Amino acid sequence: MGSTGDGRSADGGTASTAGDWQERLRSSGHRLTPQRELVLAAVELLGHATPDEVFAEVRSHSDSINLSTVYRTLELLDELGLIRHAHLSDRAPTYHSARGHEHAHLVCRNCRRQVSIDRSEIEGALGSLAEKHGFTPDYGHLTVFGWCAECAEAGETPGRTVPGHS
C-alpha cells in the first residue's frame, strides 16, 4: 500500500503509528516541543475540536501556551498529515486525528447534528462522479450540509422542499 505524501496511505488511512509522529516532525525539519505534543494529544483526546476547544484543553495542562501557538501548531500538524481539518460550520475549522479511518461529515443546518460517514460509504456515492471527471476527492475534508431526518420531518428546512413533503 502506498502513501499520499501527507502521511495518509493510499486507502485513506494514516501511514503513521503512535510512535513515529515525532520522527515525522523531526524529518520535516521541525523540533519536537512540549507545546506541539500537548496540541496533538488534545486533538486526539477531544475527537473533533475547534482551535478554541484545543486551546482550552491544552491550557488545562500548561499555562505556557497561547492561542496563536495553538493555531500555528494545528496548521503544522495538518500539513504533516498527523491531524485533519474539516469545515463543519461557518466558523473556525474543526480538527481531528488522522489515525484511524478517514471520514466525511454530514451536518444538519438546523440542529447542527454531525454524522461521520466512513470513506467507503462516501466513496461509493461519489466515486463514479469523481472518476467521470478524472478527479481525486479529499474525502477526509468533505462536509455535506443539509437537514437531518428529524429536522426535515418537522419541516425545519426554511425555503426548501424536502422530498416526500409538500
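Computed from the coordinates by the stated procedures, all read-outs in this text should not be read as laboratory data. Keep in mind it's a predicted model, so treat the numbers as computed, not measured. Reconstructed Cβ throughout: ideal geometry from the backbone, glycine too, with neighbour counts over all protein chains shown.
Both numbers refer to the Cα atoms of segment 21-97; Rg and Dmax are 11.6, 35 Å. Segment residue 22..residue 110, full-extension length gain: 27.6 nm, with 0.36 nm per residue of separation and the alpha-carbon distance subtracted. Of the trypsin sites (Lys or Arg not before Pro) found in segment 26-127, the ones in coil according to DSSP and having at most 12 other Cβ atoms within 10 Å of their Cβ are 31, 91, 112.
At full extension, residue 75 and residue 138 could sit 21.0 nm farther apart than now, given 0.36 nm per residue minus the alpha carbon distance. Put simply, the amide H of residue 82, placed in the peptide plane, has no neighbours under 5 Å, leaving out anything fewer than 5 places away on its chain.
Where both partners of a DSSP beta bridge lie in segment 103-153, what percent of those bridges are antiparallel, to the nearest 5?
Values: 5 of 9 bridges.
If we restrict to bridges inside segment 103-153, about 55 percent are antiparallel.
FRET efficiency for the residue 30 to residue 62 pair, using the beta carbon distance and R₀ = 25 Å, is estimated at 0.85.
Largest first, the extents of the alpha carbon coordinates of segment 52-116 on the three principal axes equal 37, 26, 18 Å. Length gained on full extension, residue 126 to residue 89, computed as 0.36 nm times the residue gap minus the Cα-Cα distance: 11.1 nm.
Distant-in-sequence amide contacts of residue 110, defined by a placed amide H-H separation under 5 Å and a gap of 5 or more residues or a different chain, comprise 148.
Using the Kirkwood radius over Cα pairs, work out the Stokes-Einstein diffusion coefficient for segment 100-148 at 10 °C and 1.306 mPa s, in µm²/s as a whole number.
Values: Rh = 11.4 Å.
Answer from the Stokes-Einstein relation: 140 µm²/s.
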